[in-house]
1. Which residue pairs have Cβ atoms closer than 9 Å, lie 6 or more positions apart in sequence or on different chains, and pair a first residue in region 85-110 that is within 18 Å of Glu146 (Cα to Cα) and free of Cβ contacts under 8 Å to residues at least 60 places away in the same chain with a second residue that is assigned to a strand (DSSP E or B) and among the small types (Gly, Ala, Ser)?
2. Mind checking which helices (runs of 4 or more DSSP H) fall wholly inside region 119-225 and carry at least 1 residues that are over 22 Å from Leu93 (Cβ atoms)?
3. Given the condition at pLDDT 80 or above and not in a helix (DSSP H, G or I), answer yes or no: does some residue in region 39-50 qualify?
4. Give me the pairs: first residue in region 124-135 and surrounded by 14 or more Cβ atoms within 10 Å (Cβ to Cβ), second residue in a helix (DSSP H, G or I), beta-carbon distance under 6 Å, and six or more apart or on different chains, which are they?
5. Which one of these is surrounded by 18 or more Cβ atoms within 10 Å (Cβ to Cβ), more than 30 Å from Thr28 (Cβ to Cβ) and either in contact with a Cys (Cβ under 8 Å, 6 or more places away or on another chain) or not polar (S, T, N, Q) (or both): Phe250, Phe241?
6. Which condition number in (1) closer than 18 Å to Ser159 by Cα; (2) surrounded by 20 or more Cβ atoms within 10 Å (Cβ to Cβ); (3) of a type outside the set (S, T, N, Q) is the one that Phe259 fails?
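The values are calculated or read from the model by the stated rules, or taken from the named source; none is laboratory data. If you're wondering where the values come from, they're calculated on a predicted model, not measured in any experiment. Cβ sites come from the backbone with ideal geometry, for glycine too, and all protein chains shown count toward neighbours.
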Amino acid sequence: MAITETFYDVIRRQGMSRRSFMKFCSLTAASLGLGPMFAPRIAHAMDTKPRIPVLWLHGLECTCCSESFIRSAHPLVKDVVLSMISLDYDDTLMAAAGHQAEAILEETRQKYKGQYLVAVEGNPPLNEDGMFCIQGGRPFVEKLKEVCSDAMAIISWGSCASWGCVQAAKPNPTKATPVHKVIFDKPIIKVPGCPPIAEVMTGVVSYIVTFGQLPELDRMGRPKMFYSQRVHDKCYRRPHFDAGQFAEAFDDEGSRKGFCLYKVGCRGPTTYNACSTTRWNDGVSFPIASGHGCIGCSEDAFWDNGPFYERLANLHQIGVEATADDVGLVASGVIAAGIAAHAGLSALDRARQRAAAPAETSK
């Protein structure tokens, strides 16, 4: 691999002290859900490993993933994160344009063949031979296939690249298609969301830089460290859900009391994301905390799963449509049934013992 600066070389040139660097490594370990013992390992990796070249492509999208990424606040501030990788091509952020930009893209491909990451924001449309998205005078789908052919791995930023999102919503006249249905021979990390949380995006990059490998993925290709739990599982309104306390309409009494938003369409029980733990805007809030139910933007085909403000089909489990008293009655019933069963078995056992006693005596 060509000689490239390490992450530490870059931030030292920018004036960051070693103390601040180590603090950053500790915060990075925490954001990845790792223990404090991993901070020295992260520091060693960033001090010795060359920055990974990244080619960031844009298909059909609204650039909200880029907007989220550059606003990463804690612990991965944008200036530090962009120093972790060598962002060699991003036609939205780079100063170069036209033939000059495309020349940089080709140069990086050749120089770091098999050693660069491709970050894809948006998706390729396949209808009309890809003519609904043209870049550099040719269909984006051609550019995507060409650049990915020599990549180490691909990161699908956001629901557009991961699932298709609004562009692929019915009737999908452009035949917008997620990346994994076009690229088949490369490992793909899906980081869905519309957009994804900034710290989730930078956390994925941090993991790859630190450990030199892709994070563990679930069966749908998402990093387990951020997509292994439902928004519902860690939601601060969960106790109200379990107690059967729901807002029946926006701005009703239940809504003002912070009751669960399930009945007004919240998709938290079926959406896998880190919103309720990592949150947004430097960990300040997330949609449910602001009074708006989750719309499931990180799930496949979420745009077609609406209307957003209609409740999900009934989830048949204790607490969903029950009050705390109902849950208590169910628990009491189970206990009572257990006591009755135990009493019945005990009586049967005593009867058997009495029946066997005369026979033993006669012997």
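1. Hits for this filter: Asp90/Ala119; Thr108/Ser86.
2. On the way: elements: 140-148, 158-162, 198-211.
In region 119-225, the matching helices (runs of 4 or more DSSP H) lie at 140-148, 198-211.
3. Looking for residues that are at pLDDT 80 or above and not in a helix (DSSP H, G or I), one finds none in region 39-50, hence no.
4. From region 124-135, the pairs are Pro124/Phe140; Pro124/Val141; Pro124/Leu144; Gly130/Val141; Cys133/Phe140; Gln135/Lys143.
5. Numbers: Phe250 fails: surrounded by 18 or more Cβ atoms within 10 Å (Cβ to Cβ).
After applying the criteria, what remains is Phe241.
6. Unmet condition: (1).
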